[in-house]
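Below: one structure, written as structure tokens.
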Amino acid sequence: MYRHVEKLAQEIRKGAASVDMVSLPNYGRIGVEVPGTLQEDLLSKMSAPPKSDAPLITSNDLAEADAFVFGFPTRFSMMAAQFKAFLGATGGLRRTQQLAGKPARIF
């Protein structure tokens, strides 16, 4: 909500782009958001800043990726509900082994 993770994604993008052997043909996939779970009226009551212009990613987009790097804030040592819902939506991909063998890192 406050773009901490967006800043983290920008730094990951800079670092990955600086490595000669790393190819990032689709920079648009670095710095994406998962769909939110809060309605706009509730966000405005919380004085949340305007939404980022980062594109939304769906769980089906993961099937096209070679690897994943996830970053999200934690509260009370737990990931956000939005990310839990996102991972929960990958059941079909996991069942059909479409994510098998793809490296993932979580920050």
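Filter the range 39-73 down to residues that are in contact with a helix residue (DSSP H, G or I) (Cβ under 8 Å, 6 or more places away or on another chain) and aliphatic (A, V, I, L, M) and give me whichever is most open to solvent (accessible area, probe 1.4 Å).
Selected residue: Val69.
How many residues does the range 49-91 hold that are within 28 Å of Val22 (Cα to Cα) and of a type in the set (A, V, I, L, M, F, W, C)? Outline the logic, then answer.
As a first pass, look at the range 49-91 and keep what is within 28 Å of Val22 (Cα to Cα): 52-73, 83, 86-87, 90.
After this cut, where a residue has to be of a type in the set (A, V, I, L, M, F, W, C) as well, the list is 54, 56-57, 62-63, 65, 67-70, 72, 83, 86-87.
Within the range 49-91, residues that are within 28 Å of Val22 (Cα to Cα) and of a type in the set (A, V, I, L, M, F, W, C) number 14.
State yes or no: is Phe76 of a type in the set (Phe, Trp, Tyr) and open to solvent by 60 Å² or more (accessible area, probe 1.4 Å)? Break it down into steps so the answer makes sense when it comes.
Values: of a type in the set (Phe, Trp, Tyr): yes; open to solvent by 60 Å² or more (accessible area, probe 1.4 Å): yes.
When the stated conditions are applied, Phe76 passes them.
Counting residues that are acidic (Asp, Glu) and at pLDDT 80 or above, which helices (runs of 4 or more DSSP H) fully inside the range 5-107 reach at least 1?
Result: 40-45.
The values are calculated or read from the model by the stated rules, or taken from the named source; none is laboratory data. Remember, it's a predicted structure, so these values are computed and weren't measured experimentally. Neighbour counts run over all protein chains shown; Cβ positions are idealised from the backbone, glycine included. Just so you know, the surface numbers come from the protein's heavy atoms only, side chains and all, with ligands and any DNA or RNA stripped out. Shrake-Rupley method; radii C 1.70, N 1.55, O 1.52, S 1.80 Å.
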